[in-house]
Amino acid sequence: METGNTGGNMGGKADMEMPENPFEPYIESLRQQLEDQDPVFLIGVIVALAVVVITCVFLKYFLSSKTVRSAVLLVGLCDAGKTLLFSRLLSGKFKRTQTSITDSSAPYKAKNERGSTWTLIDLPGHDSLRSQYLEKFKSSARAIVFVVDAAIFQKEVRDVAEFLYILLTDAVISRNAPALLVACNKQDITMAKSAKLIQQQLEKELNTLRVTHSAALSSQDGSLGGSVHLGKKGKDFEFSQLPLKVEFLECSARGSKGEEGDSDIESLEKSLAKL
């Protein structure tokens, strides 16, 4: 009697531990329907779903990348003429300036038929500040205007190249590829160097810096400087090797007639109109 009861209890426990799956009939029915379908039809459904997913991902990336980059950054060393250029672009008026210690920004309407409007941002050029402000605004840059004092370029060529190297090897800037306009300013001064000469000397200096910064080139953390190899390996550096469009132009924010006259920035305004 005890043995029979024990066996009955064990059977009851087994029944309790192995309940029937209530979804099994539905799963079996779905499996049967899939087996009955034409394989070509099933492949078509899978491909269509994959296309929808890929399209959604692409649209999200494309739209987000287009909406955030609407800034034109004015960068360069101290006293290159960035702030006066900022004033001339916005109002056309001459304005006495001093060394900036913070950024200034305002809407800039490009001189084109589309009526494009960008946010023009003047960044400080002091050595202790410029990297900090570049870090702050680089992700939103549609274009970067790198202002060079062409009148004393020969004295500053090393410092100009160092700052330009930091900018060009930045991972974010390399990925976003904003237009780079190198504005060779102060052309109203007799000793000012031409845009062509400045480009040639910067290519030579950057080629040298690429060698001396070889240790920094191995960095992959995305921080300012050294995160991207500059130019093509095994070849002397040229600006044409970069993933972004580079243009050298001549201008004079002050103008040949001084404070009372107009500036000479038409070439820069034409380039900004093409953005």
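Taking a cut-off of 21 Å, what percent of all Cα-Cα pairs in segment 124-275 are separated by more than that? Write out the running numbers ahead of the final one.
Values: 5329 of 11476 pairs.
Of all Cα-Cα pairs in segment 124-275, 46 percent lie more than 21 Å apart.
Among DSSP beta bridges lying fully in segment 44-190, give the percent that are antiparallel, nearest 5.
25 percent
Which order do peptides 112-124, 168-180 fall in by mean Cβ count within 10 Å, highest first?
Details: 112-124: 16.5, 168-180: 19.2.
In decreasing order of mean packing, 112-124, 168-180 become 168-180, 112-124.
Between Ser104 and Leu49, what FRET efficiency comes out of the Förster formula 1/(1 + (r/R0)^6) with R0 = 30 Å and r the beta carbon distance, rounded to 0.05? Don't skip to the end; give the middle numbers.
Working: r = 50 Å, r/R0 = 1.67.
Once the sixth-power term is evaluated, E becomes 0.05.
All of the numbers you see were taken from the coordinates with simple rules; none came from a lab. Given the structure is predicted, the values throughout are model-derived calculations rather than measurements. Glycine also receives a Cβ, built like all others from the backbone with ideal geometry; neighbour counts cover every protein chain displayed.
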